[in-house]
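Novice: Attaching a single structure in structure tokens format; questions to follow.
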Amino acid sequence: MEDYPPVFKNHSIDQHGLWIFGYGSLMWRPGFEYVERHSATLQGYHRAFCLYSHHHRGTPETPGLVLGLDQGENCLGVAFRVTQESAREVVAYLDERELIGYAYTPKLLEISLEGEMPETSRRVTAYTFVADFNHANYAGEMEISQAAKLIMDAEGVAGLNRDYLMNTVRHLEQVGSVDTKLHSLLEMIEHLTGAIEMGSGI
């Protein structure tokens with residue numbers, strides 16, 4: 001499609017517009033206008049702090065970690081539908097936001113939208129970003145203690161790395177989801193924060 005990234009080569013955007021799948025900061029801060037919003041599940045990928053951040057949530061000297069879609073399992077997130085007229089502009093915005101300085105690969109993947117009743121769920125194709133496993137900023141899934149240490153110490157132009165983690169966990173709670181790995185990570189961060197505030201020197 002003209003003016004769209006190569007991933008759209010064999011995908012047409014009709015009068016129903018385009019779906020966007022968010023699993024991290026896009027869930028609570030999409031940054032674009034949309035006409036529909038649903039909880040949604042992507043199969044075959046899971047949410048993980050597997051990407052180094054040297055700008056938004058860290059620096060080259062003290063890198064942070066941000067979320068990516070890593071292979072395996074499933075991921076509950078949020079799907080947004082944008083209009084056909086605004087789709088090109090939204091894709092350009094997302095590419096600038098997500099692809100500059102990060103280790104993402106844009107994909108069109110099938111997701112399941114959650115309806116009010118299980119039988120009303122439907123499947124659609126959505127634009128999203130998965131981890132680029134060959135990129136230098138791909139950290140993989142590390143031990144929780146190592147991830148907590150990185151997140152605890154990091155801050156970038158978008159704020160504290162631990163706030164990014166907390167916002168993700170809290171938003172997932174609002175949509176009735178518990179990501180046990182992220183909860184465990186947040187609990188460790190909160191323990192470290194409390195210890196430092198009490199002056200233990202940890």
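Novice: In µm²/s, what is D for the chain at 10 °C and 1.306 mPa s, where D = kT/(6 pi eta Rh) by Stokes-Einstein and Rh is the Kirkwood radius from Cα pairs?
Specialist: It comes out at roughly 90 µm²/s.
Novice: On C-alpha positions alone, give me the angle between the axis of helix 161-174 and the longest principal axis of the chain, in degrees, nearest 10.
Specialist: Computed tilt is about 60 degrees.
Novice: What's the long-distance tail for region 1-42, i.e. % of Cα pairs beyond 17 Å?
Specialist: Everything past 17 Å amounts to 46 percent.
Novice: Along each of its three principal axes, how wide is the spread of alpha-carbon positions in region 28-143, in whole angstrom units, largest first?
Specialist: Here the Cα extents, ordered largest to smallest, are 48, 32, 22 Å.
Rule-based calculations on the coordinates, nothing more; no lab input. Note that the coordinates shown come from a computational prediction; the quantities given were computed from them, not determined experimentally.
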